Amino acid sequence: MNRSFKIDRKFVPLLATVGLFTIGYILGAIKYPGMARPQTFFNLFIDNAFLLIAATGLTLVIISGGIDLSVGAVIALTSVVAADLMENVGLSSLVVMPLMLLMGAAFGALMGGIIHYFKVQPFIVTLAGMFFARGMAFFVSLDAITITDPIYRSLSLARIHLIGKAFVSVHVIVAFVVLAVFMYLAHLTRFGRTVYAMGGNEQSARLMGLNVGRTKVMVYTLGGFCSALAGLVFSNNLLSGHGLYANGLEMEAIAAVIIGGTLLTGGVGYVFGTMFGVLVNGLIQVLIIFNGELSSWWTRIVIGLLTLVFILVQSTFTSWQRRQAGIRPTRKRSDAVATTSDGAVVPDTPTS
Amino acid sequence: MAESDQVILTMTGISRAFPGVQALQDVDFNLRRGEIHALMGENGAGKSTLIKVLTGVEAPDTGVINLDGKEVQVKSPQHAQDLGISTVYQEINLCPNLTVAENILIGREPRRAGRIDWKRMNAEAREILLRLDVDIDVTRTLGSYSVAIQQMAAIARALEIASAKILILDEPTSSLDAYETSQLFGVMRKLKSQGTAVIFITHFIDQVYEIADRITVLRNGKLVGVYDTAALTHLELISNMLGRNLVELENVSKSRTRRAQSFSSEPLMQARELGSTGAIEPFDLDLYAGEVVGLAGLLGSGRTEIASLLFGIDKPDHGTLTYDGAVVRKYSPLASIARGVALSPEDRKAAGIVEDLSVRENIVLAMQASRGWFRFLSSAKQTEIADKYIKLLNIVTPSPEQPVKNLSGGNQQKVILARWLATNPQLLILDEPTRGIDVGAKAEIQKLVVALAEEGKACIFISSELDEVLRCSDRVVVLRDQEKITELAGDEMNETLIMQTIAGS
Ligand SMILES: Nc1ncnc2c1ncn2[C@@H]1O[C@H](COP(=O)(O)OP(=O)(O)OP(=O)(O)O)[C@@H](O)[C@H]1O
Ligand SMILES: [Mg+2]
């Protein structure tokens, strides 16, 4: 096939985000030389590893046509329960960590099951899940619990050197593994393609003989797993657990997913794009810190505006694409005949 | 072989009720190996419901399904596929966001080491489509193609299930042109010779006589009878379907004296060099009150594009449009509705019905918009209007409050038509108004169009069925390759000439 060097149109939103980040970072580095240091760049990943993990899980949920509002609350719940089990019950972190992932996955599976089998809106179910998880976190402990588990501490401090003295944390490695696994799932497995099909048209996906129910439960299970993993990374970073952590984080994650080029209505999007959505979020924070004068609330304002812009771009983009519809193959003219069959009128000779 | 050996499927005593409707009542159906079996009946007769029961989309209230001599309970469409039943449902049920190749192969993608092999998938999908003589880029999203291509993709998907013992096609040809239909028939014949049983639903009677071996007729959810095609005349078939004789519907406008170009007044709408790059080449068109102008041409020849321009969905980048003596400056559907123009769109699912609203709400929708949202239409008045059109178009629904998504395909089409008729437009543009509509209702709609013109309305009539265009229109505009070729009136208006013009010979 002679594919001309032309970028597929469906990648335009994704490329826009990648471009935005690259240009933004370069301009920043020109203005603030500190940003040109490799470590500043790596910090972007270190500081946002948990958000990247949470947003990656959420990407699949959104592509499937759903939403998960419980992300932030599950992060908080994980941090508190993990801290409680380690500090007050005395379990080793090596036991606690898998247990937490299991808890997150089970929580997600439960929500997915309710959404599918009782046909309740994902918005409602995960909203309830959010209140439940946040409430449970405070039920376990009203105050912050500091974690002293030695393995947990050494994990938190571990540095993996990449270039010279510049390093990343274990969290970044974990985030990249999650990202890679999800990219594989989304684009190269039947499960992943069913997720896209569902997001495009769930009824059609069912009539095509795809296993919509199992896929849906699976998507929320993975979402819950990612939230719990993000919770572990979050608490490992701070070495404590508290019910107040990650308040409203689901909104930041949703914004990152959208800025990463995923359609909020489902069916279209890239896991890879979400990484850039998260990076753009991080970049704005870095710029504000280097600037030193702007209030940190500017992050929210800029993210809000960017999300809006991206949604607008996507909606004009989709309507433009729809107008391109109507392409038909070319065919030899001699073959062309117009339909004459009808039947509304009874022919004079009935058996003609 | 004894006949009973050939039977692959029997459905016995199938009943299925929906709130307010007995969609199927004690229906028997049987299918033989290697036959093409047509399922016929009016809109709302229960054809699609029977298919849905067979393929596990709907569970029957009563009744038994025997497949290959074994009783089966089909639990889901997936289960039906596993049993060797491959289906193309009436509404195209594919995912517009996925590529054409994926739509054809998803669920059965070629894999290598557990991973989807995209290269092979694209190649296979291309090959399957080529068998239907459709040569397109399968890596583009399905939604970027026309309804006809989407339909071909849906058919390709069903054909792909190699192990299929039964192939079900629910109105596959309603959006296809004659060539595409003939390709499909070729494939159907081949499958038949290989022993596959095919269930074929259509409202095109000629197609049934061309291809079907036997016909099962349903009416109001009940079985009327099973017939050998060769032993049943057109007339008998139609009266079996409708339960009445069709002579009264005969030849809508053969009696109608076509108006010569004797319009003294100014044209109602006048297009001069109107065009839009990539959609339709600049064209001239005059439209007078009291006439029906037909647009003839293949799908994709620019018919729908003309309709979109005249209704303001697309903006022209060339030429002028005059309406009622004034140059049109604002192109939008809303402005068009305010001017008294209405368009009943071709793709009812994407551009027409609001599935979750009731029949009444769908009918008064455009009318409400033309009145402005704040001038409220009393609910008694709304019901009155809805009732009027339900009766006029014979819309089969238990009540005006039924959500439109619960209506049969053909009846949904009628609801759209009612919506635009209700706005009482001066100019009515009908894009494929009779797609998927049964013979009786088709004749009613044709009559209605002619009657509207006689009342002094102008009408643009678009249809792939040439004789329908000829029957209703005073003039016919012929299009080819997104260009207006010519305009025919009077004696020139005959099938042969139009077909030659379309073919460009
Ligand atoms: N989900 C549903 N809920 C309520 N009523 C339904 C539902 N599905 C179908 N019906 C009703 O059952 C009847 C039979 O519908 P069906 O779709 O089988 O008709 P059909 O013969 O396929 O008609 P068409 O030629 O218009 O496609 C109709 O009156 C329809 O309104
Ligand atoms: Mg039907």
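The values are calculated or read from the model by the stated rules, or taken from the named source; none is laboratory data. Worth saying up front: this structure is predicted, and the values here are computed from it rather than measured. Neighbour counts are summed over all protein chains in view; Cβ atoms, including those assigned to glycine, are modelled from backbone coordinates with ideal geometry. Ligands, DNA and RNA are excluded from the accessible area calculation, which covers all protein heavy atoms including side chains. Shrake-Rupley method; radii C 1.70, N 1.55, O 1.52, S 1.80 Å.
Please give me, ordered by residue number, the chymotrypsin sites (Phe, Trp or Tyr not before Pro) of segment A:89-138 that lie in loop per DSSP and have at most 15 other Cβ atoms within 10 Å.
A:PHE118
What is segment B:324-465 by shape, rounded, prolate or oblate, if you read a ≥ b ≥ c off the alpha carbon gyration tensor as root eigenvalues and call it rounded for a/c under 1.5, prolate for a/b larger than b/c, and oblate otherwise?
It comes out oblate by the Cα gyration axes.
Can you give the Kirkwood hydrodynamic radius of segment B:347-424 from its Cα pairs, in Å with one decimal?
The answer is 12.2 Å.
Kindly express, to the nearest 10 degrees and within the range 0 to 90, the angle between helix A:271-291's C-alpha long axis and the longest C-alpha principal axis of chain A.
Taking the Cα atoms of chain A, the angle to A:271-291 is about 50 degrees.
Once phi is turned into θ = phi - 60°, what whole-Hz ³J(HN,Hα) does the Karplus curve with 6.51, -1.76 and 1.60 give for every residue of segment B:439-451, x standing for Gly and Pro?
Calculated HN-Hα couplings, in order: 4, x, 5, 4, 4, 4, 5, 4, 4, 4, 4, 5, 5 Hz.
Could you list which residues have their amide H under 5 Å from that of B:ILE116, counting only those 5 or more apart in sequence or on another chain, with H placed in the peptide plane?
Excluding prolines and chain starts, which carry no amide H, the hits are A:THR189.
Can you list the residues of segment B:83-104 that have at least 50 square angstrom less accessible area with all protein chains present than in their chain by itself, probe 1.4 Å?
B:ASN93, B:CYS95, B:ASN97
Put simply, what bits of segment B:134-170 lose 10 Å² or more of accessible area when the other protein chains are there, versus the chain on its own (1.4 Å probe)?
Residues meeting the cut-off: B:ASP135, B:ILE136, B:THR139, B:ARG140, B:THR141, B:GLY143, B:SER144, B:TYR145, B:SER146, B:ILE149, B:ARG157.
What whole-number value in Å² describes the accessible area per residue of segment B:3-246 for a 1.4 Å probe?
Dividing the accessible area of segment B:3-246 by its residue count gives 36 Å².
Could I have the simple spin-label model distance between B:ALA503 and A:LEU305, label points 7 Å from Cα toward Cβ, reported in nm to one decimal?
In this crude spin-label approximation the distance works out to 6.3 nm.
Mind grabbing the interface size between B and A? I mean buried accessible area, both sides, 1.4 Å probe, in Å² to the nearest hundred.
Adding both sides of the contact gives about 5200 Å².
Tally up the carbon and sulfur contribution to the accessible surface of chain B as a whole percent, 1.4 Å probe, everything protein left in place.
It is 48 percent, rounded to a whole number.
What are the ³J(HN,Hα) couplings of segment B:176-191, residue after residue, when phi is run through the Karplus curve with 6.51, -1.76, 1.60 and θ = phi - 60°? Round to Hz, x for glycine and proline.
9, 8, 4, 5, 4, 4, 5, 4, 4, 4, x, 5, 4, 5, 5, 4
Of A:SER235, A:SER295, A:SER70, which is the most mobile in a GNM of chain A whose springs link Cα atoms less than 10 angstrom apart?
Of A:SER235, A:SER295, A:SER70, the most mobile in the Gaussian network model is A:SER295.
Would you work out the charge dipole size for chain B about its Cα centre, treating the Cβ of every Lys and Arg as +1 and the Cβ of every Asp and Glu as -1, and quote it to the nearest 20 debye?
The dipole of chain B has a size of about 1120 debye.
Could you report segment A:9-327's accessible area per residue, 1.4 Å probe, as an integer in Å²?
43 Å²
Among A:PHE118, A:VAL18, A:ILE289, which residue has its Cα positioned farthest towards the positive end of the charge dipole of the protein assembly as shown, with +1 placed on the Cβ of Lys and Arg, -1 on the Cβ of Asp and Glu, and the dipole taken about the Cα centre?
The residue sitting most towards the positive pole is A:ILE289.
Between segment A:14-83 and segment B:43-78, what's the alpha-carbon centroid distance in Å?
49 Å
Can you give the Rg to Rh ratio for segment B:3-246, taking only C-alpha atoms and Rh from Kirkwood?
Checking Rg against Rh, the ratio lands at 0.97.
Buried by at least 10 Å² relative to the chain on its own: which residues of segment B:193-235 qualify, computing accessible area with a 1.4 Å probe on protein heavy atoms?
Listed in order, they are B:PHE204, B:ILE205, B:ASP206, B:GLN207, B:THR233, B:HIS234, B:LEU235.
Skipping prolines and chain starts, which residues have an amide H placed within reach, meaning under 5 Å, of the one on B:GLU432, given they are 5 or more residues away or on another chain?
B:ILE462, B:SER463
Run a plain Debye calculation on the protein assembly as shown (Cα atoms as equal point scatterers, no solvent) and give log10 I(q)/I(0) at q = 0.07, 0.09, 0.10 Å⁻¹, rounded to two decimals, same order as the q list.
Ignoring solvent entirely, the Cα scatterers give -0.64, -0.98, -1.14.
Convert 37 °C to kelvin, take the viscosity as 0.692 mPa s, use the Kirkwood radius over C-alpha pairs of segment A:197-243 as Rh, and evaluate the Stokes-Einstein diffusion coefficient in µm²/s, rounded to a whole number.
257 µm²/s
Looking at segment B:399-465, which GluC sites (Glu not before Pro) are DSSP coil and have at most 14 other C-beta atoms within 10 Å of their C-beta?
B:GLU401, B:GLU455
Which semi-axes, in whole Å and largest first, does the equivalent ellipsoid of chain B have when worked out from the alpha carbon gyration tensor as the square roots of 5 times its eigenvalues?
39, 27, 23
Along segment A:60-75, what does the Karplus equation 6.51 cos²θ - 1.76 cosθ + 1.60 (θ = phi - 60°) give for ³J(HN,Hα), rounded to whole Hz, x for Gly and Pro?
Each residue's phi maps through the Karplus curve to give 5, 4, 5, 4, 6, x, x, 8, 10, 8, 8, 3, x, 5, 5, 4 Hz.
Could you pull out every one of the aspartates and glutamates with an alpha carbon less than 16 Å from that of B:LYS381, ignoring same-chain neighbours closer than 8 positions?
The qualifying aspartates and glutamates are B:GLU361, B:GLU401.
Putting +1 on Lys and Arg Cβ atoms and -1 on Asp and Glu Cβ atoms, find which of B:PHE29, B:TYR145, B:GLY44 reaches farthest to the positive end of the dipole of segment B:3-246.
It is B:TYR145.
Give me, ordered by chain and number, the residues 5 or more places off A:LEU162 or on other chains with an amide H under 5 Å from its own placed amide H.
A:PHE167, A:VAL168
How much accessible area per residue does segment B:347-424 have, in Å², with a 1.4 Å probe?
Per residue, segment B:347-424 has 47 Å² of solvent-accessible surface.
Send over the Kirkwood Rh of chain A, from the inverse of the averaged 1/r over different Cα pairs, rounded to one decimal Å.
Mean inverse Cα-Cα distance, inverted, gives 22.2 Å.
What is the magnitude of the charge dipole of the protein assembly as shown about its Cα centre, with +1 placed on the Cβ of each Lys and Arg, -1 on the Cβ of each Asp and Glu, and no other charges, expressed in debye to the nearest 20?
2120 debye
Taking the Cα centre of segment A:9-327 as origin, sum charge times position over the Cβ atoms of Lys and Arg (+1) and Asp and Glu (-1), and report the length of that vector in debye to the nearest 20.
Charge dipole, segment A:9-327, about its Cα centre: 1080 debye, nearest 20.
In nm, what is the difference between 0.36 nm times the number of residues separating B:ASP356 and B:ALA123 and their Cα-Cα distance?
That pair, B:ASP356 and B:ALA123, stretches by 80.0 nm at full extension.
What aspartates and glutamates does B:LYS119 reach when the alpha-carbon gap must be under 14 Å and sequence neighbours fewer than 8 apart in one chain are set aside?
Counting by Cα, and skipping residues close in sequence, B:LYS119 has these aspartates and glutamates nearby: B:GLU102, B:GLU109, B:GLU127, B:ASP137.
Quick one: with all protein chains in place, what share of the accessible area of segment A:9-327 is carbon or sulfur, to the nearest percent (1.4 Å probe)?
For segment A:9-327, the apolar C and S fraction of the accessible surface comes to 71 percent.
List the pairs from B:LYS405/B:LYS447; A:LYS31/A:LYS165; B:LYS47/B:LYS391 whose alpha-carbon separation is above 25 Å, in the order I gave them.
From the list (B:LYS405/B:LYS447; A:LYS31/A:LYS165; B:LYS47/B:LYS391), the Cα-Cα distance tops 25 Å for B:LYS405/B:LYS447.
Choose one of A:VAL96, A:LEU162, A:PHE310: the residue whose Cα lies farthest towards the positive end of the charge dipole of segment A:9-327 (beta-carbon charges +1 Lys, Arg; -1 Asp, Glu; about the Cα centre).
A:PHE310
Tell me the chymotrypsin sites (Phe, Trp or Tyr not before Pro) within segment B:282-315 that lie in a loop according to DSSP and have at most 16 other beta-carbon atoms within 10 Å.
In loop regions of segment B:282-315 (DSSP not H, G, I, E or B), there are no sparsely surrounded chymotrypsin sites (Phe, Trp or Tyr not before Pro).
Taking every residue in B:47-59, how many Cβ atoms of other protein chains lie within 10 Å of its Cβ, on average?
Taking the mean over all residues of the peptide, I get 1.
Roughly how crowded by other chains is peptide A:190-196, in terms of the mean Cβ count from those chains within 10 Å of each of its Cβ atoms?
So the per-residue partner count for this stretch is 4.
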